[in-house]
Amino acid sequence: MVLPTNNKKLKFFAKEFLLIALIALVGICFAVHMDVAKAYADDVQDAALQAEAASTDDAVIQEPATEDPAPTVGETPAEDPTDPGTGEQGGEPTDPTDPGTDPTDPGTDPTDPDNPPVVEPDEPTPDDPVEPVEVKNGWYKEDGGKYYYKDDERVANAWVKEGDVKYRTDKDGKMIKKAWVKVGDYRYYLKKDGKLATSQWVKCEKGYKRVNSKGRMYKSRWLKVGKYRYYFKSSGYRAVNQFAKGPKGYRYLDSRGRAISKKWITYKKNLYYIKSNGYRAANQWMRDKGGLRWMDSKGRSVKKKYVKINGSIYYFSSKGYKVTSKWIKTKKGKRYLGSDGKAYRNLWKFMDGRWMYFQKDGYLYTKPFVYVSIANQRLYYYNKAKVVFSTSIVTGRLYPKSHASPRGTFHVNKKKRNVHLRGREDDGITEYDSFVYYWMPFYGNIYGLHDATWRSYFGGTIYEYDGSHGCINMPLSVARRLYETIKVGTMVRIQ
């Protein structure tokens, strides 16, 4: 008998049922045996009584005919129970002690409800062995998928290793295919055949991801594959057409995600240079066929912009190249870039036939100022970096040096009319008193710009032997014009 089962419990109940059936069978056999023994004893007793009666009465007792459960056509009547002979048809001996020949034995009539037939159970024979109960272990195709069993039970949410290959089951024990799965802190990819992907690229909807030798997805890190370097974002996708930060700066990943080197690239309308070490150039000069460029702190080639580099100011054209020997005008003013590209700063420069002053920020000084050239014995009045008027002058004597005019940049500190200038001559005894109509001091109240009506000539080399005590002498008409034009605070440059 084969009892199919699908789990351990069914197997257990099958064994219990067979044991109970066997015990019941033994009980039935024992009961039948007791009934047969009792019937046999009763037959023996009846036969003895009949023999005794026959011997005393000398009468023959005829056994009433009984119905044979399995009658045979042509059968002869039964012999005398005392006859030890055999039947005519070659049947079995009719032993009077055989309970089966007892005419009083009711037999096993199948129609008799009080005496049902004994049915023997089917016993297995060597030609009909008992089939073993199947216990599921391994993969089985069920419900449109593959499920993994161990000891007849599905294994869910687990890794299944077969040799060097790993598989993964879901919550129902079904093999996962063509899907990413998160286990603990890591993500893994199961291929279309269910095998765990290892050390390979995985193509996804938005690009490529990569898994290591354990199948774990790379993220937020750099990785060298072959001779190329790649960067994997926090999402696991490899970065393409963008910058990614490395330990020494930024690298650029091309359309295949490879970090490039020794190349110029355009990214978001800006030009960058990637050096031989793979990092973008930043805060440094780079040269190409068109000239020199400056790469700012973010690696961008600067264009249409002033940049201060190592204390000097440079300007870069719309194409990003350093500009040299040229004026650059902006809303704040004008700057001049020398042959080396550096803007003139804090500098007096004679250009285009006139003196110019470039301030500390490099912009041309355009406010009014007075420029005094000792070598040329000339005074120039400038406004908006252009000469308004000029005149010949006499500056301080060269000797003694105490009478020389001071050199440098000063500012008019006041304006005054009709002033007596008093002092001592070189002998230290003789005093002088010089009257001036226009007094414009620029060095305390000692040195200033003023008229000198006592002089008939100005300019030339007069200052070398008949110069002033350090003041700037000029004709009365020019002194008047200057006095009427100049303001307190006006810059005075003596050079």
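Quick notes
- Kirkwood hydrodynamic radius of the range 139-298, from inverse mean 1/r over distinct Cα pairs, in Å: 18.4 Å
- The heavy atoms of Asp185 present about 130 square angstrom of accessible area, all protein chains included, probe 1.4 Å.
- Charged neighbours of Lys386, selected by a Cβ distance under 11 Å, balance to +1 (K, R count +1; D, E count -1).
- Modelled FRET efficiency - R0 45 Å, Lys182 with Gln284, Cβ distances, 0.05 increments: 0.55
- Residues Glu464, Glu431 ordered from highest to lowest accessible area at a 1.4 Å probe: Glu431, Glu464.
- Cα gyration tensor shape for the range 407-479, rounded if a/c is under 1.5, else prolate or oblate: rounded
- Rolling a 1.4 angstrom probe over the protein heavy atoms with all chains in place gives the range 409-495 an accessible area of 55 Å² per residue.
- For Ser434, distant residues with modelled amide H under 5 Å away: Leu421, Arg422
- Electrostatic bookkeeping for Ser276 treats Lys and Arg as +1 and Asp and Glu as -1; over the other residues with beta carbon under 11 Å from its beta carbon, the sum is +3.
- Cα-Cα P(r), the range 245-290, percent of pairs per 5 Å interval: 5, 20, 33, 28, 10, 4, 0
- Take the Cβ atoms of Glu431 and Lys332, set R0 to 51 Å, and the FRET efficiency comes out at 0.45.
- Other-chain or far-sequence residues with amide H under 5 Å of Thr490's (modelled H): Val412
- Phi-based couplings in Hz for the range 163-172 (Karplus 6.51, -1.76, 1.60; Gly and Pro marked x): x, 9, 9, 10, 10, 9, 9, 8, 5, 9
- A cut-off of 5 Å between modelled amide H atoms, ignoring neighbours fewer than 5 places along the same chain, links Gly215 with Ser199.
- Computed from the C-beta positions of Thr266 and Arg354, the FRET efficiency with R₀ = 56 Å rounds to 0.80.
- Charged neighbours of Tyr483, selected by a Cβ distance under 10 Å, balance to +3 (K, R count +1; D, E count -1).
- Pairwise Cα inverse-distance average, inverted: Kirkwood Rh of the range 287-365 (Å): 13.0 Å
- Computed 3J(HN,Hα) for the range 256-264, one whole-Hz value per residue from the Karplus formula 6.51 cos²θ - 1.76 cosθ + 1.60 where θ = phi - 60°, is 9, x, 8, 6, 9, 8, 6, 9, 8, glycine and proline marked x.
- Karplus-derived 3J(HN,Hα) values for the range 414-423, using 6.51 cos²θ - 1.76 cosθ + 1.60 with θ = phi - 60°, are 6, 9, 8, 9, 6, 10, 9, 9, 10, x Hz; glycine and proline are entered as x.
- Note on Ser456 and Tyr228: the model spin-label points, each 7 Å out from Cα along the C-beta direction, lie 9.4 nm apart.
The values are calculated or read from the model by the stated rules, or taken from the named source; none is laboratory data. Here the structure is a predicted model, which means the values were calculated and not measured. We place every Cβ from the backbone using ideal geometry, glycine too, and count neighbours over all the protein chains shown. Calculation scope for accessible area: heavy atoms of the full protein, side chains included, ligands and nucleic acids excluded. Shrake-Rupley method; radii C 1.70, N 1.55, O 1.52, S 1.80 Å.
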